[in-house]
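K.L.:
Have a look at this one.
The values are calculated or read from the model by the stated rules, or taken from the named source; none is laboratory data. Bear in mind that the values here come from a model prediction, so they are computed numbers and not experimental data. Counting neighbours? That spans all protein chains shown, and the Cβs are built from the backbone with ideal geometry, glycine included. Quick note on the areas: whole protein, heavy atoms, side chains included, nothing else; ligands and nucleic acids left out. Shrake-Rupley method; radii C 1.70, N 1.55, O 1.52, S 1.80 Å.
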There are 2 protein chains.
Amino acid sequence: MSTRIQSWAAMAKGQPLSPYTFEFGPLGADEVEVVVEHCGLCHSDLSVIDSEWGESPYPVVAGHEVIGRVVALGEHAQGLKLGQRVGIGWNASSCMHCQVCLGGEHQLCRTAQPTIMGHHGGFAERVRAHWLWTAPVPEGLDAAKAGPLLCGGITVFSPFLNFDIKPTHRVGVVGIGGLGHLAIKFAKAWGCEVTAFTSSESKRDEAMQMGAHRVVSSVDTASMKSVFGQLDMVLVTVNVMLNWKDLMRTLRPNGRLHVVGVVPQPMAIEAGVLIGGQRSVSGSPTGSRQDIDTMLEFAARHGVVPQTEHFPMSRINDALEHLRAGKARYRVVLEADFAQA
Amino acid sequence: MSTRIQSWAAMAKGQPLSPYTFEFGPLGADEVEVVVEHCGLCHSDLSVIDSEWGESPYPVVAGHEVIGRVVALGEHAQGLKLGQRVGIGWNASSCMHCQVCLGGEHQLCRTAQPTIMGHHGGFAERVRAHWLWTAPVPEGLDAAKAGPLLCGGITVFSPFLNFDIKPTHRVGVVGIGGLGHLAIKFAKAWGCEVTAFTSSESKRDEAMQMGAHRVVSSVDTASMKSVFGQLDMVLVTVNVMLNWKDLMRTLRPNGRLHVVGVVPQPMAIEAGVLIGGQRSVSGSPTGSRQDIDTMLEFAARHGVVPQTEHFPMSRINDALEHLRAGKARYRVVLEADFAQA
């Protein structure tokens with residue numbers, strides 16, 4: 001295991017990614033080593049590459065929507081076998097002994113190790129993760145499209161599981177992008193009535209094809225008013241400031257505004273709207289391993305996969321540009337094409 | 001039933017209450033008439049008397065924490081009998097046929113009739129309400145102290161019932177006043193670890209006697225920091241702007257900031273804190289009839305009653321002054337002393 005690993009790395013802020021090789025140390029007892037086949041490209045990759053969340057620890061080898069095959073198992077790795085197809089998402093490990101880890105909510109562990117910060121991610125020949133964070137991919141899923149489920153998918157699926165959303169509920173999805181389009185598909189498969197909110201008229205037809213029952217223009221007051229008081233959950237998948245007052249007004253009694261996009265400024269929430277209708281505002285990060293397994297099984301059963309565009313990994317800088325320009329429809333997947341050593 | 005009813009009414013904004021008589025119309029088929037024995041004095045009474053929530057429909061006969069005895073039953077009134085001791089709280093009726101009413105959450109009915117707006121409340125000889133909103137008072141409760149449970153009590157109790165608070169949880173209560181001191185007692189009886197937040201050092205000892213395990217100064221940074229990351233629910237019973245950022249920081253993963261006080265300006269809530277720890281901000285109004293019954297039974301079993309000060313109703317203006325001056329420790333109850341007609 002002392003071969004050098006090829007990868008694409010950001011060496012500093014504001015530069016294109018460049019070829020970079022590194023060496024793994026000895027495989028940890030709980031670690032799994034995976035040969036990367038496909039890796040989704042997520043907005044969070046850009047955020048870390050560009051040091052948007054504070055200075056990133058360069059070199060950054062991003063990529064945290066990995067699909068690949070197990071090529072090495074640490075001596076304590078459990079539940080996996082060599083050659084198995086697996087996925088790795090936002091987290092590469094967690095402490096395993098804090099209260100949330102003990103409770104099975106490892107995604108809330110304060111010392112969880114992200115796959116792409118202080119750890120080399122999936123824009124590489126190989127990637128390593130704790131066995132718990134290495135999820136088997138069900139046979140029924142198209143491996144070339146499954147990567148984005150490991151981060152984008154679980155991020156929008158987790159609220160359905162953990163905030164008691166029922167098939168009888170009416171769900172709104174704000175933003176039809178990498179996360180939002182998966183949210184529409186999952187909401188539809190969950191059995192919900194689905195309202196898509198978008199500021200982009202060009203996405204209307206596609207949203208309907210993905211499963212939305214109606215599309216509301218989030219920048220048109222009359223359109224917004226048409227859904228006041230109607231929704232049980234509004235899932236915010238964008239990270240821009242919104243008209244929180246109007247969005248809260250779309251909620252029914254007991255309704256929930258749920259954010260998964262890190263909106264930069266504080267959200268202005270009126271106490272009266274929370275109190276009068278017994279409403280909530282909440283948020284969540286990705287999901288636990290158990291929830292990832294549940295999501296992958298559900299996605300396979302219902303045929304939920306992202307709408308993807310594919311680039312060879314050698315064209316990763318073109319792919320990053322495509323995403324930065326807001327042109328991705330709706331998720332970019334990179335295909336590993338490193339030259340054989 | 002055509003006798004004139006004596007009461008104390010606000011005839012206009014900014015004036016002391018004055019004696020006022022009015023006549024009831026025919027008793028509605030679903031209505032119950034109650035002779036008032038005791039009536040708690042709530043901050044919401046002041047808000048309506050003073051037109052704080054928009055111009056009130058004067059004359060205002062406030063009072064919505066009523067304890068009394070049934071003296072007349074409409075022909076369709078159910079579950080009550082003449083002479084029975086009952087309580088009436090914030091709502092006097094609701095539509096009974098909307099989705100939330102059908103679901104038993106009548107307190108969320110958009111057309112619910114408040115007891116003290118467009119309806120005469122408990123600062124009177126008699127008050128009327130729909131039979132559903134007229135709750136039997138269990139034998140074990142001290143009737144002279146039970147009134148404040150009908151609004152203040154259910155308002156702080158409802159979140160425990162409806163937001164899945166467990167006896168193993170750590171609960172914070174912000175504000176030790178009419179609502180807050182009942183919240184401390186209920187949280188203690190619920191089995192929780194209880195942290196009281198106050199800006200008033202003078203209330204520290206009393207908070208501990210009421211059942212708090214610790215008292216934190218909400219205006220002292222070091223004191224606040226001592227509980228960062230520790231609480232499952234923080235119940236905000238005040239209606240003033242707070243340091244939301246620090247309060248959110250006191251929450252554990254999956255924690256909830258819950259408001260029952262109508263804070264006047266929008267609350268600034270950071271998406272990152274919601275997302276990182278899968279946290280929520282929520283609110284609720286009083287409670288359903290079923291929840292009121294559950295609360296009264298729980299209060300009787302655990303001996304939870306407010307700490308009260310008693311005024312004869314003829315001194316209602318002194319009582320209002322006492323409350324306005326922030327001197328109430330912790331809930332004022334008025335004793336009906338109208339002259340026999």
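K.L.:
Return yes or no: is A:LEU41 within 14 Å of another protein chain (Cβ to nearest Cβ), modelled with pLDDT of 95 or more and under 30 Å from A:LYS13 (Cα atoms)? Reasoning before the result, please.
P.N.:
On the way: within 14 Å of another protein chain (Cβ to nearest Cβ): no; modelled with pLDDT of 95 or more: yes; under 30 Å from A:LYS13 (Cα atoms): yes.
It is false that A:LEU41 is within 14 Å of another protein chain (Cβ to nearest Cβ), modelled with pLDDT of 95 or more and under 30 Å from A:LYS13 (Cα atoms).
K.L.:
Residue check: is A:VAL234 touching a strand residue (DSSP E or B) at 6+ places or on another chain (Cβ under 9 Å), closer than 21 Å to A:PHE157 by Cα and either more than 12 Å from every other protein chain (Cβ to nearest Cβ) or outside any strand (DSSP E or B) (or both)? Break it down into steps so the answer makes sense when it comes.
P.N.:
Working: touching a strand residue (DSSP E or B) at 6+ places or on another chain (Cβ under 9 Å): yes; closer than 21 Å to A:PHE157 by Cα: yes; either more than 12 Å from every other protein chain (Cβ to nearest Cβ) or outside any strand (DSSP E or B) (or both): yes.
Yes: the conditions hold for A:VAL234.
K.L.:
Another question about this same structure. I'm told B:TYR330 meets every condition in (1) within 14 Å of chain A (Cβ to nearest Cβ); (2) touching a residue at least 40 places away in the same chain (Cβ under 8 Å) except one. Can you identify the failing condition by its number?
P.N.:
Unmet condition: (1).
K.L.:
I'm told B:ARG4 meets every condition in (1) under 20 Å from B:ALA336 (Cβ atoms); (2) crowded, with 18+ Cβ neighbours inside 10 Å; (3) touching a residue at least 60 places away in the same chain (Cβ under 8 Å) except one. Can you identify the failing condition by its number?
P.N.:
(2)
K.L.:
So how many residues does region B:32-49 have that are buried (at least 16 other Cβ atoms within 10 Å of the Cβ) and over 29 Å from B:LEU82 (Cβ atoms)?
P.N.:
Residues meeting the conditions: 5.
K.L.:
Also: Restricting to region A:306-329, give me the number of residues that are open to solvent by 30 Å² or more (accessible area, probe 1.4 Å) and either β-branched (Val, Ile, Thr) or in a helix (DSSP H, G or I) (or both). Let's see the steps before the verdict.
P.N.:
Of the residues in region A:306-329, the ones open to solvent by 30 Å² or more (accessible area, probe 1.4 Å) are A:307, A:309-310, A:312, A:314-315, A:317-318, A:321-322, A:324-327, A:329.
Narrowing further to those that are either β-branched (Val, Ile, Thr) or in a helix (DSSP H, G or I) (or both): A:314-315, A:317-318, A:321-322, A:324.
Looking only at that region, the number is 7.
K.L.:
Please enumerate the residues belonging to region A:262-302 that are more than 7 Å from chain B (Cβ to nearest Cβ), open to solvent by 10 Å² or more (accessible area, probe 1.4 Å) and not in a helix (DSSP H, G or I).
P.N.:
A:PRO264, A:GLN265, A:THR286 - these are the residues of region A:262-302 that are more than 7 Å from chain B (Cβ to nearest Cβ), open to solvent by 10 Å² or more (accessible area, probe 1.4 Å) and not in a helix (DSSP H, G or I).
K.L.:
While we're on this one: Just need a number here: residues in region A:157-182 that are part of a helix (DSSP H, G or I), open to solvent by less than 10 Å² (accessible area, probe 1.4 Å) and either touching a residue at least 40 places away in the same chain (Cβ under 8 Å) or out of contact with any helix residue (DSSP H, G or I) (no Cβ under 7 Å at 6 or more places or on another chain) (or both).
P.N.:
Result for region A:157-182: 6.
K.L.:
Another question about this same structure. B:ARG256 passes all but one of (1) in contact with a Pro (Cβ under 9 Å, 6 or more places away or on another chain); (2) in the same structural domain as B:GLY140 (by TED's automatic domain parsing); (3) under 17 Å from B:ILE184 (Cα atoms); (4) open to solvent by 20 Å² or more (accessible area, probe 1.4 Å); which number fails?
P.N.:
(2)
K.L.:
What's the number of the only condition in (1) over 20 Å from the mean Cα position of the chain (by Cα); (2) farther than 30 Å from B:ALA144 by Cβ that B:PRO312 fails to meet?
P.N.:
Checking B:PRO312 against (1) over 20 Å from the mean Cα position of the chain (by Cα); (2) farther than 30 Å from B:ALA144 by Cβ, the one that fails is (2).
K.L.:
Can you tell me which residues in region B:91-104 are within 14 Å of chain A (Cβ to nearest Cβ) and open to solvent by 50 Å² or more (accessible area, probe 1.4 Å)? Steps first, answer last, please.
P.N.:
Kept after step one, since they are within 14 Å of chain A (Cβ to nearest Cβ), are these residues of region B:91-104: B:91, B:94-95, B:98-104.
B:GLN99, B:LEU102, B:GLY103 - these are the residues of region B:91-104 that are within 14 Å of chain A (Cβ to nearest Cβ) and open to solvent by 50 Å² or more (accessible area, probe 1.4 Å).
K.L.:
Let me ask something else. If you go through region A:50-72, how many residues are crowded, with 23+ Cβ neighbours inside 10 Å and among the charged types (D, E, K, R)?
P.N.:
Total satisfying the criteria: 1.
K.L.:
Right, another one. Which residues, counting only those in region A:238-261, are more than 7 Å from chain B (Cβ to nearest Cβ), touching a strand residue (DSSP E or B) at 6+ places or on another chain (Cβ under 9 Å) and aliphatic (A, V, I, L, M)?
P.N.:
Correct list: A:VAL238, A:MET241, A:LEU242, A:LEU247, A:MET248, A:LEU251, A:LEU257.
K.L.:
Restricting the search to region B:148-191, which residues are more than 25 Å from B:VAL86 (Cα to Cα) and either in contact with an Asp or Glu (Cβ under 8 Å, 6 or more places away or on another chain) or within 14 Å of another protein chain (Cβ to nearest Cβ) (or both)?
P.N.:
Of everything in region B:148-191, those that are more than 25 Å from B:VAL86 (Cα to Cα) and either in contact with an Asp or Glu (Cβ under 8 Å, 6 or more places away or on another chain) or within 14 Å of another protein chain (Cβ to nearest Cβ) (or both) turn out to be B:PHE163, B:ASP164, B:ILE165, B:LYS166, B:THR168, B:HIS169, B:ARG170, B:VAL171, B:VAL174, B:GLY175, B:ILE176.
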